[in-house]
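Scroll down for the structure; my scribbles are underneath it.
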Amino acid sequence: AVVSTQSTGEKRKVDQIEGGVAREDKGKAAVVVKEKEPSRDAFSVLMSKKPTPKEAQTKGESSSKRVPGASSGWSDVLSIYCVNPERYSEEVFYFDDQIVVIYDKFPKARFHYLVMPRKLVDGFKNLTRVDVPLIESLWERGKLIANEVKEKVSPTIEFQLGFHAVPSMRQLHMHVISRDFNSSSLKNKKHWNSFTTKFFVDVGIFIQQLRDSNRVHFDKEEYEGLLKRDLQCHICRCSISTIPALKDHIKLCKKR
């Protein structure tokens, strides 16, 4: 693996080159490089399926360890990556003192990442305009990831960055997802509509609402209703009856 860094205080780019996965180590200028099989290129690394948190625990991490103040429920699982990202090297794409990025466990597209603050933030409910710089930092990291994928895979790949209006996980997290939506994990209407309707809130709109209203609020009943809408192509907006038919249509959509 070949890794380049800059001096402390400067922005450092984390590269994935020739099958190596590079991350900034917490509080250090150096990076930690986890070697992959020599035959695998950067595209293979980006696309590789990651073990689940449960599988990671079998490698020495006790399942009884919980984040203080968090419940044992599924909705709190993201917090473990924020508190101890170094323990989950297979799931974590990048981390530093302020931010952690993980591969989505059930990606809804070819490239799907979750960008989170290291500090625990319980969703949107307590955010104010004071937190705008925090959200902007997540946005900047997300753009770096998207640009890295474009550089190493294809410049034609399109991304969208934002939040679900009614998130299913407690820890604040921003999605960075490619707009191909080509994934076996995208299986139903709810999955599709959560990324292709107003249920998915662009990060710029999210920040603007926070600035203007000093809070972020989306009516739960209204926005969850969007998940029940009929399937539509996100490119040409024509109606499609099933997910398999929709995926086939997207490959040939004339408006692409």
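The values are calculated or read from the model by the stated rules, or taken from the named source; none is laboratory data. None of the values given here were measured: they were computed from a predicted structure. Neighbour counts run over all protein chains shown; Cβ positions are idealised from the backbone, glycine included. The area values use the complete protein model at the heavy-atom level, side chains included, leaving out ligands, DNA and RNA. Shrake-Rupley method; radii C 1.70, N 1.55, O 1.52, S 1.80 Å.
The Cα center of region 188-256 and the Cα center of region 92-135 differ in position by 20 Å.
Computed from point charges on the beta carbon alone (+1 for Lys and Arg, -1 for Asp and Glu), the dipole magnitude for region 131-256 about its Cα centre is near 520 Debye.
Placing +1 on the Cβ of every Lys and Arg and -1 on the Cβ of every Asp and Glu, with no other charges, gives region 96-184 a dipole of roughly 220 debye about its Cα centre. If the chain linking Lys198 and Ile243 were pulled fully straight, counting 0.36 nm for each residue of separation and taking away their Cα-Cα distance, it would gain 14.3 nm. Once the chain from Ile205 to Glu222 is taken as fully extended at 0.36 nm per residue, the excess over their C-alpha distance is 4.4 nm. Taking amide H as placed 1.01 Å from N in the peptide plane, the amide H of Phe93 sits under 5 Å from that of Val101, Ile102, Tyr103, each at least 5 places away or on another chain. Kirkwood radius for region 202-256, taken over all pairs of different Cα atoms as the inverse mean of 1/r, rounds to 13.7 Å. When only the Cβ of Lys, Arg, Asp and Glu is charged (+1, +1, -1, -1), the dipole of region 188-256 relative to its Cα centre reaches about 380 debye. For Thr196, the solvent-accessible surface with a 1.4 Å probe is about 20 Å², rounded to the nearest 10.
Taking each residue as 0.36 nm, the span from Arg118 to Cys253 lengthens on full extension beyond its C-alpha to C-alpha distance by 44.6 nm. Sorted into 10 angstrom bins from 0, the C-alpha pair distances of region 119-254 split as 11, 38, 34, 16, 1 percent.
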